[in-house]
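Read through the structure below, which is laid out as structure tokens, and then see the notes.
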Amino acid sequence: MRYFTLNKQLISLLLLIFCFAVYASESTENSTRYAGTGLSVVPPLLAIVIALVFKQVIPALFTGLVFGVWVIGGLTITSLFTAPLKTLEVFAVKSLADEGHISIVLFSFMIGGMVGITSRNGGMQGIVNLIIKWANTVKRACLSTIAMGMSIFFDDYANTLVVGNTMRPITDQMKVSREKLAYLVDSTAAPVACLAFVTTWVGFQVGLIDDAMKAIGYTEEGGYAVFLQTIPYSFYPILALLLTIMVAVTGKDIGPMYQAELRARSGAVAPPTEDRHDEEEILPIENKPQRAINAIIPFVTMIMVVLFGLYITGVKSDQDQQSLRDIIGNSDSYKALLWGTMSGVLAAAILSVVQGILTLQQTVNAWLKGIKPMILAMVILTLAWSLSAVSEQLQTSQYISSMIEDSLSVHWLPILTFLLAALTAFATGSSWGAMGILIPLIVPIGWNMLTAQYGIDSNQFYIIYITIASILAGAVWGDHCSPISDTTILSSMASGCDHIEHVRTQIPYAFLAGGFAMMMGIVPASFGLSPWIAIVIASGGMFLTLQWKGKAA
């Protein structure tokens, strides 16, 4: 009965969207006029609604894509029938033709293959045997996951793939749900990459900030110096990291996660959904040694080569003095990750063959079997990237951004910016996309409002820091809540968790941290409260709420 009601509601929504589209097509002759209008929000919104209702992300993304392509085509009868074809022919092809996107696909395949080899040669089981000696309880298994997530701070993609694949056998053995593992992986990866001084995010963020500050004529501090000033005001990433520790230490959960943990304690670790796309488990070769070193060396090799690659690609020969932060900020993270994963695969293969644990053919087979679970995620990523391209062409983010350009007190700009960044990242599935659009747009708006209300030489300049931090933090928050986010998809994939179940169980935690970030962090700090005091108050409130509302499985 409930399913029938949901279907009726969804059909009603689709009919309303169709009627609106027909009306818009009759009143508008040029399809470019749809860009930057209310209709531009429909494709990502439609994809999100269908994904949440039916718990099927691929049909949801495809439906949103086809509708978006139809809108781009002018909402004509002809474009309706050609939209599915153009979805694949134009947008999917362009998404995979992007150098950054195909790099993500390749190093995801490579790291999956490396996990396949290290699982087959017994190395992963050896790591499990070592960690399990300490992580022999649910609490310790969760804390180990968080510690590993924070230690791989330099890139969120590498973080999710390494931590999820490494910790999954351990959390399974301790009867921690896959949903909990995916949450811990996802809620440490992007936040720590957003906050750390030297990450693959820094170059992107600093570049945007530097251009925005130059646009307003501010030359007292460079982009990196401004970025450092924003870190204490990045309330959501800080609180999200603290919340993972609180959840692990107290053992209490909120929302659907509690039911997932109860199910896991009974022995059913993975969520029982109709379409989980289960992958065959890769078991170690029987009667062969299970040496942890056979997994540790490939992973350490990968990490060291990634760091080396970040350094090499970031060094500028025409600059005499470069700090390590400048070098990492200027680096080519995609190239470094490809080098690292390739080196890790070669190290795993050589160790397996030289020790006689695997033959060359068995090594290749293990590599191929490790790639297999990645295929579904890559399909989802391709569709998500395509939908993001459609949203960009329809100027979805610009339309959302225009909603805050009306006059208001500059002290309310950071909280509105935070919500706008979150909404943009949620709708598009891209935190970087939200940052890239909003920083150049909002910083000049904030500067104009500040100088108009307080003058150029005002001691209220910290509002600019909070506003920039709110864009960065809001983008991460929206990314955590979005079912079409690439990092959310990778987190569920690496953790072996159904993707929609991961989104459904993570949202309450994201809202808890996001709520306190707004109420106890952004708003008080915008009116002059020290950010450190705000973090302490928000952390205390978050802990008390978890104790009050949380339940221990």
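What follows is calculated from the coordinates using simple rules that are stated; it is not laboratory data. What you see is a predicted model; the values in this text were computed from it and never measured. With ideal geometry, Cβ positions are generated from the backbone for all residues, glycine too; neighbour counts draw on all protein chains shown.
Neighbouring Cβ atoms within 10 Å as the yardstick, rank SER495, SER95 fewest first.
SER95, SER495
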>> Among the listed pairs LYS335/LYS372; LYS214/LYS335; LYS180/LYS214; LYS86/LYS372, which have their C-alpha atoms separated by more than 32 angstrom in this model?
In response: LYS180/LYS214
> Which of the peptides 177-184, 102-109 is most tightly packed, and how do the rest follow, judged by the mean count of other Cβ atoms within 10 Å per residue?
Replying inline: 177-184, 102-109
>> Check which residues have an amide H placed less than 5 Å from ASP253's amide H, if you skip close sequence neighbours.
In response: LYS551, ALA552, ALA553
>> I'd like the chymotrypsin sites (Phe, Trp or Tyr not before Pro) in the range 450-553 restricted to DSSP loop residues with at most 13 other Cβ atoms within 10 Å, sorted by number.
In response: PHE527
>> At a 10 Å Cβ-Cβ cut-off, how would you order ASP253, ASP211, ASP326, fewest neighbours first?
In response: ASP211, ASP326, ASP253
> Going by how many other Cβ atoms sit within 10 Å of their own, how do CYS497, CYS481, CYS194, CYS142 line up, fewest first?
Replying inline: CYS481, CYS142, CYS194, CYS497
>> Report, to one decimal in Å, the Kirkwood hydrodynamic radius for the range 386-552 based on all distinct Cα pairs.
In response: 16.9 Å
> Which of the lysines could a cross-linker span from LYS175 if the Cα-Cα distance has to be under 18 Å and same-chain partners fewer than 8 positions apart are dropped?
Replying inline: LYS133, LYS139, LYS252, LYS551
